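Report on the following structure.
Since every read-out is calculated from the coordinates, none of them should be taken as a lab result. In this text the structure is predicted, and so the values were computed from the model without any measurement. Cβ: placed from backbone, ideal geometry, glycine included. Neighbour counts: every protein chain shown.
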């Protein structure tokens, strides 16, 4: 009898995790119906849903071949980012964004971790190689994702309830797209987004100066 009671308690404890886990698949296209990669989506709970604790493992945003890799990084508010320089030349990483202002003066190899306390978009640059540009999107939820080359991303293990979906892309004209959805027990929602994007523009690399060790 005691064994049965213990088994029942374990079942009740596990049942919410099994019954209330849903997912949202997001699909992104541009105005011409082409897949959009590197679209950021975050799901913010509106019904008081329990959320997992933030990971204490720092994210990494590398500098490789005088570019930021990956181009877009998503972290939860309060998270840390490392900026390892894998190049043989020094970089001077900085941001003047309202969400986070910081500098990592000329260095190679490892960097000190930077903490991102405020939600928002942080635009990165290099004071030496001015074509280098990257983005850190700081979100106030542990549920987020980045679309792949097919324009698709899936956020899994979402508790039942109402959610606000926030969408951002480096070239999105409106800055932020917002949509509210309701997720039922064990449901799998499919949400499609058509993004109005600005034309892509990137500063040309100075190949002549690079040959001189720049």
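Quick notes
- For region 40-69 versus region 113-141, the gap between their alpha-carbon centres in whole angstrom: 12 Å
- DSSP-defined beta bridges in the chain - what % are antiparallel, rounded to 5: 75 percent
- Region 53-142: relative contact order as a whole-number percent, Cα under 8 Å and 6+ apart: 32 percent
- Computed E for residue 184/residue 140 - FRET, C-beta separation, R0 25 angstrom, nearest 0.05: 0.55
- Axis of helix 2-19 versus longest Cα principal axis of the chain: the two differ by about 50°, to the nearest ten degrees.
- The Cα-based radius of gyration and maximum Cα-Cα distance (Dmax) for the chain are 20.7, 80 Å.
- Relative contact order %, region 89-160, counting alpha carbon pairs below 8 Å whose residues are six or more apart: 25 percent
- Dividing the summed helix terms, -39500 (n - 2.57) for each DSSP H run of n ≥ 4, by the number of residues in the chain produces a 222 nm estimate of -3500 deg cm²/dmol to the nearest 500.
- Estimated FRET transfer efficiency when R0 is 41 angstrom, pair residue 106-residue 148 (beta carbons, to 0.05): 0.75
- Taking every C-alpha pair closer than 8 Å and separated by at least 6 residues, the mean separation divided by the residue count of the chain gives a relative contact order of 31 percent.
- Choice from 59, 149, 26 showing the highest fluctuation, given a GNM over the chain with Cα pairs closer than 10 Å: 149
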